[in-house]
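Engineer: Handing you this structure, nothing more for now.
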Amino acid sequence: MADYSKYGFHRIIKYRGIFDFDGLYKFITKWIKDNDFDFQESKLVDKPPYQIYKFVGRKKANYYAMFLITPEIWLWEAKSVEIIKDGKKKTLTEARMKIIINGGYILDYDGDFEGNAGLKNMESLFVNKIMYHEFLLKYFDYFDYYLFDFMTEVKKFLEMETATNAY
């Protein structure tokens, strides 16, 4: 399998305040599943004073390329807070949070070119010379806008002022 793409998407959303963590967790899960990614919650790290939630979404683009999205939620000093909103009591979370959105694509996800050195050389020619522009422009550019949309939707969910982007 070819290495994780060197043309990756890496953005960070920082947030401090009161928010609906359960809703955010469900929103991220739902967005990944609704956009036809195979969803997997890969890891939960709980070491006070922080918690890390890691997700993985995979989606086959074609016979050779696969999109990979790996969002992470980092929480510091999280505590439950009860508020009254619209006359109803709600339990929300007050914390510092960092959402890291990573994405890229994996080439040769089936390992068809893993057999020997000759196949690896053929894969290098195929990726770097023959299909370079298709992989770079058709898949990476498309996926980049896709992840900008995801980042914007997360910001809208958190009701941040920067909940728009140029794309």
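The values are calculated or read from the model by the stated rules, or taken from the named source; none is laboratory data. On a predicted model such as this, the values are computed, not experimentally measured, just so you know. Cβ placement follows ideal geometry from the backbone for every residue including glycine, while neighbour counts extend to all protein chains displayed.
Engineer: Pairs please, first residue from region 136-156 and free of Cβ contacts under 8 Å to residues at least 12 places away in the same chain, second anywhere and surrounded by 14 or more Cβ atoms within 10 Å (Cβ to Cβ), Cβ atoms under 6 Å, 6+ apart in sequence or on different chains.
Structural biologist: Taking only residues 6 or more apart or on different chains, the pairs are K156/A163.
Engineer: Okay, moving on. D34 passes all but one of (1) of a type in the set (D, E); (2) touching a residue at least 60 places away in the same chain (Cβ under 8 Å); (3) under 21 Å from Y145 (Cα atoms); which number fails?
Structural biologist: Result: D34 passes all but (2).
Engineer: Select, from I100, I73, the only residue that is β-branched (V, I, T), surrounded by 15 or more Cβ atoms within 10 Å (Cβ to Cβ), under 14 Å from G8 (Cβ atoms) and touching a Lys or Arg at 6+ places or on another chain (Cβ under 9 Å).
Structural biologist: I100
Engineer: Restricting to region 40-68, name every residue that is among the aromatic types (F, W, Y) and closer than 20 Å to Y142 by Cα.
Structural biologist: Once the filter is applied, which keeps residues that are among the aromatic types (F, W, Y) and closer than 20 Å to Y142 by Cα, region 40-68 yields Y63, Y64, F67.
Engineer: Can you say whether N102 is of a type in the set (S, T, N, Q) and closer than 22 Å to K138 by Cα, as far as the supplied structure shows?
Structural biologist: yes
Engineer: Hey, another quick one. If you go through region 5-15 one residue at a time, how many are out of contact with any helix residue (DSSP H, G or I) (no Cβ under 7 Å at 6 or more places or on another chain), under 26 Å from D141 (Cβ atoms) and not in a loop (DSSP other than H, G, I, E, B)?
Structural biologist: The total comes to 2.
Engineer: Which condition does L92 not pass, out of (1) under 25 Å from D141 (Cβ atoms); (2) touching a residue at least 40 places away in the same chain (Cβ under 8 Å); (3) not basic (K, R), if it passes all the others?
Structural biologist: Answer for L92: the failing condition is (1).
Engineer: Got at least one residue in region 104-125 being in contact with a Gly (Cβ under 8 Å, 6 or more places away or on another chain) and in contact (Cβ under 8 Å) with a residue 60 or more places away in the chain?
Structural biologist: Checked against the condition, which is being in contact with a Gly (Cβ under 8 Å, 6 or more places away or on another chain) and in contact (Cβ under 8 Å) with a residue 60 or more places away in the chain, region 104-125 yields at least one hit.
Engineer: Can you find a residue in region 149-159 that is among the β-branched types (V, I, T) and more than 21 Å from T29 (Cα to Cα)? Break it down stepwise before answering.
Structural biologist: Start the filter on region 149-159 by keeping residues that are among the β-branched types (V, I, T), which leaves 152, 154.
So of that shortlist, the ones also more than 21 Å from T29 (Cα to Cα) come out as none.
Checked against the condition, which is being among the β-branched types (V, I, T) and more than 21 Å from T29 (Cα to Cα), region 149-159 yields no hits at all.
Table: residues versus (1) assigned to a strand (DSSP E or B); (2) without any contact (Cβ under 8 Å) to a residue 60 or more places away in the chain; (3) within 20 Å of the chain's Cα centre (by Cα).
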site	(1), (2), (3)
G17	yes, no, no
S42	yes, yes, yes
Q51	yes, yes, yes
R58	yes, yes, yes
L68	yes, no, yes
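Engineer: Okay, next question. Give region 121-162 a look and list any residue that's in a helix (DSSP H, G or I), among the aliphatic types (A, V, I, L, M) and more than 21 Å from N62 (Cβ to Cβ), or say none.
Structural biologist: Within region 121-162, M151, V154 qualify.
Engineer: So, one more: Over 23 Å from W76 (Cβ atoms) and modelled with pLDDT under 85: is that true of Y139 in this structure?
Structural biologist: yes
Engineer: Counting only residues that are among the hydrophobic types (A, V, I, L, M, F, W, C) and exposed (fewer than 15 other Cβ atoms within 10 Å of the Cβ), which one in region 7-44 is farthest from F55 (Cα to Cα)?
Structural biologist: Restricting attention to region 7-44, the residues satisfying the condition of being among the hydrophobic types (A, V, I, L, M, F, W, C) are 9, 12-13, 18-19, 21, 24, 27-28, 31-32, 37, 39, 44.
Checking which are exposed (fewer than 15 other Cβ atoms within 10 Å of the Cβ) leaves us with 12, 18, 44.
Values: I12: 15, I18: 22, L44: 9 Å.
Once the filter is applied, the top-ranked residue is I18.
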